[in-house]
Each structure stands twice: as C-alpha cells, then as structure tokens.
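Presented below is the structure to which this report refers.
The values are calculated or read from the model by the stated rules, or taken from the named source; none is laboratory data. What you are looking at is a predicted structure, and each value in this text was computed from that prediction instead of being measured. A quick note on method: Cβ atoms are made from the backbone with ideal geometry, for glycine too, and the neighbour counts reach across all protein chains shown. In case anyone asks, the SASA skips ligands and DNA or RNA and just uses the protein heavy atoms, side chains included. Shrake-Rupley method; radii C 1.70, N 1.55, O 1.52, S 1.80 Å.
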Amino acid sequence: MRFLTAGESHGPELTTIIDGLPAGIPLSVEDINIELKRRQGGYGRGGRMLIETDTVEVTSGLRHGKTLGSPLTLVVKNDDFKNWATVMGIEPVSDREKKKRRLSKPRPGHADLVGGIKYEHDDLRNVLERSSARETTMRVAVGAVCKKLLSELAINIAGHVLEIGGVRGEIPETMTVAEIKERAEASAVRCVDPQIEETMKEKIDATRKEGNTIGGVVEVVVGGVPVGLGSHTQWDTKLDGKIAQAIVSINAFKGVEFGVGFEAARLPGSEVMDEILWSEVDGYTRKTNHLGGFEGGMTNGMPIVVRGVMKPIPTLYKPLMSVDIDTKEPYKASVERSDSSAVPAACVVAEAMVAIEVAKAVLDKFSADSFKQVKKSVDNYREYTRAF
C-alpha cells in the first residue's frame, strides 16, 4: 500500500490517492469524517478551526460501501479558498497582485527560509503553503481508512496526550486500548488523567495570553497486533524504524521512543528486557512490555507503545526576530494564524501515522487482492502463532 497527498494550505482542496488496498474493505464517508473532526478539535486550537469544517469526498475506489481494489481517491475542499482565490490562483497575475500576502520575513522554526533557498522562491508563501500542518488533514484521512482495515482484523489504536508544556499526566499500566480511547475522547486535551486535564488547560490559557506556544508528548497504543510484523533481515524492513520515521515526519515532531524509551539508558538490562511467558490459551506473551511491543524490529504480540515529542508551534503572536530576504535587515517575523497548542490535534495525526504503518505491514505480510483473503490469512496465522 502506498499513498501521496497534494494541496496547499489555502488552495482549493487537499487530495490523496491510496493505491494497493485490497477489495472488499467496509468503508464509509462517515468513517473518515469522524477522524477529520477529531483532528480539528482539541483545546488550544486557533481561528482556522472556526473557518474550515473538513469533510471528505470519495471520487474513486469505493462502491456500495466497500473498496474496489483500485486506487482510492479522497478530496477535502478548503472552505476558505474563496478568500484566497487571487493570492493562490493558478493563472499568472500582475506584479501588484503578486505582492498580496507575499512573505519576505521568514519565521524562525518554520520551513520558510530553507525552502525558499532550496527552491529559489522570492515569495516564501510558496513554501509556507505546503509545509503547513494543514497537509496532515489528508494523512488523517488515509489513517482513517487504515484504522477501518485494522479494526476489521481486531487491531485497535488509541492515542492520548501525556504532557503539555511540562504538565504531565499518568496512565495506569493496566489500562486497555479501549479504556484509553474512551477517556481520551472525553477530554478536551485528550488526557486520560482527569486530575491533570484542568491544569493542562490552564497552562494553554496562560500561554495564549502571553502570545506564546507550547509543545508536549503524545502516546499511541496499538492492541491486537499479530506477532512478526516487520523483519529483522534488513535495516529498512524493521517496523519500529518505519513507525519512528512516520512519527517524526509529522509537523513539529522532534523525537520518538518506544516502551520505556530513553529511560532504558538509565536502567539495567534486567529492568528493560521483557521475560517470556507461555500458556495454552494465549501462547507466548511477555511479563512486561518495556520494549513497547518490538524485538528485533518485529512485533512480539504485545501492544505497540510509541511516544512522540512535539515542539511548540513556531508561529508566535509575539514574533521572534528574523531577517527580511529583500533588504537583509532585521525584522520581526511574519505572523500567520496559529494555535497556542496543537498537541491534542497532533495526537490524532500520530494515531493516523501509526495506523498507516501498521496497515502497510499487515498488507505486506498477508498480501492479497481480496480483504476476505487477508482476513482469513490473519486468522490462520494467529492460530499458528498460538500453537507454536
């Protein structure tokens, strides 16, 4: 399975084409719209969420509620494009029109300046429009399709916010994926610790008043994962490596860890490795899950536990100093619409990216043209692993 996304932040629409899906996956527009709505929510979001109401249009690859096996095309219209039709139009315009919303003052922490240098743009808006986190809309749409596929195979995903701006919640080790999902959905900041939720909101409010932004840490947990997704045989076939790349590819994400993560550097091996158990009912399991569901780049049957670190959003309402690319003089950076914290929304994007990589791994291992064949293969394989 593979996909590409296209579209600019203030362009007419965002598009993705997913290729390689088997035929017969149950799927509806509502399955995708639910996830798009989740991405647009969360405490700390800015004004754009009042303008756009993302809904998907499926233009190919789906008929009568099931995938066809042909490319699946998804489109999300940008409602705000009517206000940007001249600025973002495809036809040539006059020099005067070109100056409208032109960006010459790059924002620290954004792709503006580097992209302008790389692609020789004298208007940094040409970089801003694609590097915007608006692009993650389509990744969430793809993730929704992958979540549906995985749920049909009894593989379920939940994400939650562990930390915002230094305020950290706690999650019980015994909490199931279903419980994480239920609690996170009930929280405006997607935090499963109700005692910490209000403190997180207060931190976001204080940051907004200061004209500043804050980041945080999100965690994604995947339950019901079969043993042996990914491979140890080559560096680029390790599934944890693919998930790590997918997480860090999300706008503003700067770090990733699995299980106990970086804490493993401070612990002895006896407190990091997961002892192996066996029972007639479950087959092989682990006593703990310190390694986050992976051994040798392959899933070991325990839940996948992955965390991503999101930096504060670079666009500040009290902008930092920059340099005007026209005059080379110091200048306060340009300001676009921004959120004081997008960590709860980014958690939804992280769920999507993990779902995409797990779905790819499933379809790599259980390749088939029909989803019925995929499901049968997965069921047979689970029986095999239990009896091994």
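Over 20 Å apart at the Cα level, from the set LYS118/LYS360; LYS105/LYS201; LYS242/LYS360; LYS66/LYS238; LYS238/LYS311; LYS181/LYS287, are LYS118/LYS360; LYS105/LYS201; LYS66/LYS238; LYS238/LYS311; LYS181/LYS287. A dipole drawn for the stretch 231-343 from +1 and -1 charges on Cβ atoms has a positive end, and of SER231, VAL306, PRO330 the residue lying farthest that way is PRO330. Between THR176 and ARG2, residue separation times 0.36 nm minus the direct Cα-Cα distance comes to 59.6 nm. Residue separation of ASP19 and LEU320 scaled by 0.36 nm, minus their Cα-Cα distance, works out to 104.1 nm of gained length. With a cut-off of 17 Å, note down the residues of the stretch 114-131 whose backbone N falls inside the zone around a label point 7 Å from the Cα of ASP95 toward its beta carbon. Taking a point 7 Å out along Cα→Cβ of ASP95, the residues of the stretch 114-131 whose backbone N falls under 17 Å are 122-123. Match the structure shown to one of the listed values (i) 26, 55, 18, 1; (ii) 16, 27, 21, 16, 10, 6, 3, 1; (iii) 26, 59, 15 of P(r) over Cα pairs in 20 Å bins from 0, in percent, computed from it, and give that label. Comparing each candidate, only (i) matches the computed number. Counting only DSSP H runs of at least 4 residues, each contributing -39500 (n - 2.57), and dividing by the residue count of the chain, the helix-based mean residue ellipticity at 222 nm comes to -10000 deg cm²/dmol. Two numbers describe the Cα atoms of the stretch 277-388: Rg and Dmax, which are 23.2, 74 Å. Note on ARG63/LYS376: beta-carbon distance plugged into 1/(1 + (r/R0)^6) with R0 of 25 Å gives a FRET efficiency of 0.65. Compute the distance in nm between two label points, each set 7 Å from the Cα along the Cα-to-Cβ direction, one at SER231 and one at ASP123. With each label placed 7 Å out from Cα toward Cβ, I get 4.7 nm. To put it simply, the accessible area of the stretch 69-135 at a 1.4 Å probe is 53 percent carbon and sulfur.
Hey, rough spin-label estimate for GLN245 and LYS311, points 7 angstrom out along Cα→Cβ, what's it come to in nanometres? So the two model labels end up 2.2 nm from each other.
Along the axis of the charge dipole computed for the chain (Cβ charges of +1 for Lys and Arg, -1 for Asp and Glu, origin at the Cα centre), the listed residues GLY143, LEU62, TYR381 are led at the positive end by LEU62.
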